[in-house]
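Have a look at the structure below before the remarks.
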Amino acid sequence: MPPALPQELIDQIVDDVQADPRPSWQQRADTVALLRAARCFGGRCRKYLYHKVDLALEITPPTVINKSLDMKSLCFMELVRRTPSLADLVKHIHYSLYFELNDTSYITSTQAWRMLQKFAPYLTRVDMVTLNFYDSRDIWDSSDSQCSVSLFRMTLDSQVLEAIGVIIPSCPFSRLRIQQTSLLPAHLVGFLAHCPHVTSLEIREISDPLGGSGTLQSQIPAVPPKIEELIFTEADAFIFEMVENHAFRAVVASTRRLVFSYFEEGRTMSDEDRWDTIGEFMSQLVTLEKVFFLLGHNFNGGDDVRTLVHAPSLCLEMSYGASLPKLSSALRQNPSYPSKLRNLAMVVHADCTPDRNPTIAHWRELASVLHQPRFAALETVCVTFVESPRNNHPPLIEEEVSRCFANFSAKVTVRKLDLSVWPQVYTYFETFF
């Protein structure tokens, strides 16, 4: 019997539930409610319910009770075994793995590991794989598959990564995220041989292994992936080691989009070393087109600007009000810095203390600096003010900033967005350029 409502209206109802800016667990609960309300919602609801799937595995020594796969993972794997077509809906597979010992012979001999290995061939339509290595003593939030407290991180070596390569999907997925572990670039290069089609690589919350060595080198995979997008989040140690590893540099040599978000403040390297390392790495990427930086209060201006002005398209997200005057001052005081900038986007979050928000005088100063001849190639400027219910920009900030850039030959866009609709890091560049 055909549905009482047109399919377009059914799809729109389900899509509106997903578009509502609320926590993922609330969206999921509403989607399940729609699924139970009428069969006509089934097809569209399943598209969202199975888009991302979490598989959690914990392997402990034989002397400890082995928690193995959690019940939710086991139920999903059994459901796919009975209805293989459901696996085609999975686009993002999220592995939450914890090994209390790096004994690959024991890890791969467990029943849970063999189950994951047999399950991998079902995943033929996956586009993104996340490897999240968590500590069983962390505070675990099952609603969004994230750890809220990390006591220590697993150290991955080449043997463990080789074993992990067997359980990930063999289909040509394009995005890979590795997070919450200790890892050297030399070990990651070998693992990328299992991911020849990856074009987007995200390194998140990766620390330097104890006793690790940046001098450790590795062989370039026979069929290396062509990385076009490289994302670093709280990965200072990895960035520092990466510059010294020729094989990793060769793998990411075709990078076109580069993202640096949330540096480890004062934990791994000094601000000066960090920016020098990033600048050295960027200078090696001849194909680099777009760069995103999150500028926090550790942005000092001055020599840091040398790194920023070499990107053709640059997006700066400012989470701290003093970043804009530091940027303007540094650009004005260093006219010798060359610039390849064609597109500039600035995202300014409203500060909880209104007095710390950039003033109109700061915007006038930046506009006057960008009028200099060395920025003659500038084609577009986009300024976005992001607000939250508690933190707001002045009411007429858009009009006043627009007047600061009134005499620009470049196309200038000034807008204001609510924090709830602010895009995630993967859509920054598509939003601006």
Which three lengths, in whole Å and largest first, does segment 85-133 cover when its Cα atoms are put on their principal axes?
33, 20, 11
Rounded to the nearest 0.05, what FRET efficiency is calculated for residue 377 and residue 85 with R0 set to 60 Å and r the Cβ-Cβ distance?
0.70
How far apart, in nm, are two points set 7 Å out from the Cα along the Cα-to-Cβ line at residue 52 and at residue 332?
4.3
Just subtract the alpha-carbon distance of residue 411 and residue 37 from 0.36 nm times their residue separation and send over the number in nm, one decimal.
129.7 nm
Measure of exposure for residue 75: accessible area at 1.4 Å probe, Å² rounded to 10, is 80
Quote the accessible area belonging to residue 11 in square angstrom, nearest 10, computed with a 1.4 Å probe and with ligands, DNA and RNA left uncounted.
40
Using square roots of five times the C-alpha gyration tensor eigenvalues, list the equivalent-ellipsoid semi-axes of segment 366-411 in whole Å, biggest first.
26, 11, 9
Amide H neighbours of residue 292 under 5 Å, counting only residues 5+ apart in sequence or on other chains, H built in-plane at 1.01 Å?
258, 259, 260, 315
Grab the beta carbon distance between residue 360 and residue 284, set R0 = 35 Å, and tell me the FRET efficiency rounded to 0.05.
0.35
With all protein chains present and a 1.4 Å probe, how do 68, 96, 170 order by accessible area, largest first?
170, 68, 96
For the full complex of protein chains and a 1.4 angstrom probe, list 166, 53 by accessible area with the highest value first.
166, 53
What is the extension gain from residue 400 to residue 256, computed as 0.36 nm multiplied by their sequence separation minus the C-alpha to C-alpha distance, in nm to one decimal?
48.4 nm
Between residue 388 and residue 106, with labels modelled 7 Å along Cα→Cβ, what's the label distance in nm to one decimal, could you check?
4.3
Sorted by accessible area (1.4 Å probe), largest first, how do 25, 113 line up?
25, 113
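The values are calculated or read from the model by the stated rules, or taken from the named source; none is laboratory data. Computed from a predicted structure; not experimentally measured. So basically every Cβ, Gly included, is an ideal-geometry build from the backbone, and we count neighbours across all protein chains shown. The area values use the complete protein model at the heavy-atom level, side chains included, leaving out ligands, DNA and RNA. Shrake-Rupley method; radii C 1.70, N 1.55, O 1.52, S 1.80 Å.
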